[in-house]
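A short worksheet on the structure shown next.
The values are calculated or read from the model by the stated rules, or taken from the named source; none is laboratory data. Treat the numbers as computed from the prediction; the structure is a model and nothing was measured. Cβ placement follows ideal geometry from the backbone for every residue including glycine, while neighbour counts extend to all protein chains displayed.
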Amino acid sequence: MSRDMTIAVVCGGSSREDKVSRVSGNGVAEALKETYRNVIVMELDNSLPRKLIEVKIDVAFPVLHGPLGEDGIFQGFLEILGIPYVGSGVLASAVAMNKVVAKSIFREFGLPTPLDVVVEESQIISVDEIVKKVGNDVVIKPAEEGSAFGVTFCRGEKEIYNGVRKVFEYGDIILIEKRIEGKEITVAVLERNGVEALPVIEIRTPEGSWYDYEHRYTPGLSEHIIPAPLPEDVYKEVQRLAIKAHRVLNCRDLSRADFVVTDDGKPFILEVNTIPGMTPTSLYPDAARAAGISFGELVAHFVERAMERSEVE
């Protein structure tokens, strides 16, 4: 591929994750400059359509987190403009971003996922009904948010009642899951010669904390154990499940699947990220490095794949 291609790294936007997106985007741009001469960082705002057309972009590299960037809307816009882009297409992006829809697909294809109940803000449902379905130790999540925004852990009817009210501030559909105790595990999936799972990572945070927004993006507040200290059969199983999730959601190029693995070795898939973080503390680049792939090599690989798709089409 030509070093003279013009690549637009698109980041920012108006989601709650805009700051993280910009950090990721600038990191991706700097890494791409190791291979390509013309790399431009563009903000997801009202001026973006004009800039993409005027600059004559060869490949777009979305590094967007949250609504309008990760949920298929921006991908659809690029499809209309006919600009090749890195990552999953419209449908996979939309489905993976919506935890309710993604979990229904996981269940349909036999992927183990925590028991849950979906609640709409207009729906009348009692705490008793919630407890009967998923128990009284739960995790409440907005249907469409990333970076753990809005995620609330509740134990007991009073906490669940207050938690439901709190999480509705993030959207009018929420997911209430039975809480699974265990190790936080993540598996990066990469498409090269086929679809492969990179080394598995266990995420550890200080006792009494969890992998929330602060612990994700503050250096030193979380530890990434690579390879995750799991029994060999469990290690291979989470890799298999991550690849299966990537395929059933029809993801492309890359994804990252998050799991909880119980002490007796049972994995439960929580969600799939189609645009994983690319900050200095992010998991996907760590997994790639553990597989012997530098960050520069990784992002250039994604650009090459996008260009190859456009040439075939």
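Descriptive notes on the structure:
- Checking each residue in region 13-41 for being surrounded by fewer than 21 Cβ atoms within 10 Å (Cβ to Cβ), within 30 Å of residue 170 (Cβ to Cβ) and free of Cβ contacts under 8 Å to residues at least 60 places away in the same chain picks out 14, 18, 19, 22, 26, 41.
- Condition check for residue 204: at pLDDT below 95, out of contact with any Lys or Arg (no Cβ under 6 Å at 6 or more places or on another chain) and either more than 29 Å from residue 306 (Cβ to Cβ) or surrounded by 18 or more Cβ atoms within 10 Å (Cβ to Cβ) (or both): yes
- The residue that is nearest to residue 305 (Cα to Cα), among those in region 84-109 that are modelled with pLDDT of 95 or more and assigned to a loop (DSSP other than H, G, I, E, B), is 86.
- Of all residues in region 270-313, those satisfying the criterion of being under 14 Å from residue 35 (Cβ atoms), among the small types (Gly, Ala, Ser) and surrounded by fewer than 19 Cβ atoms within 10 Å (Cβ to Cβ) are 294, 296, 300.
Okay, residues lined up against (1) surrounded by fewer than 19 Cβ atoms within 10 Å (Cβ to Cβ); (2) in contact with an Asp or Glu (Cβ under 6 Å, 6 or more places away or on another chain); (3) within 30 Å of residue 291 (Cβ to Cβ); (4) assigned by TED's automatic domain parsing to the domain that holds residue 301:
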{"residue": "103", "(1), (2), (3), (4)": "no, no, yes, no"}
{"residue": "125", "(1), (2), (3), (4)": "yes, no, no, no"}
{"residue": "135", "(1), (2), (3), (4)": "yes, no, no, no"}
{"residue": "144", "(1), (2), (3), (4)": "no, no, no, no"}
{"residue": "169", "(1), (2), (3), (4)": "yes, no, no, no"}
{"residue": "187", "(1), (2), (3), (4)": "no, no, yes, no"}
{"residue": "196", "(1), (2), (3), (4)": "yes, no, yes, no"}
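Each row is one residue, and each column tells you yes or no for (1) at pLDDT below 95; (2) of a type outside the set (A, V, I, L, M, F, W, C); (3) over 16 Å from residue 196 (Cβ atoms).
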{"residue": "232", "(1), (2), (3)": "no, yes, yes"}
{"residue": "257", "(1), (2), (3)": "no, no, no"}
{"residue": "261", "(1), (2), (3)": "no, no, yes"}
{"residue": "268", "(1), (2), (3)": "no, no, yes"}
{"residue": "272", "(1), (2), (3)": "no, no, no"}
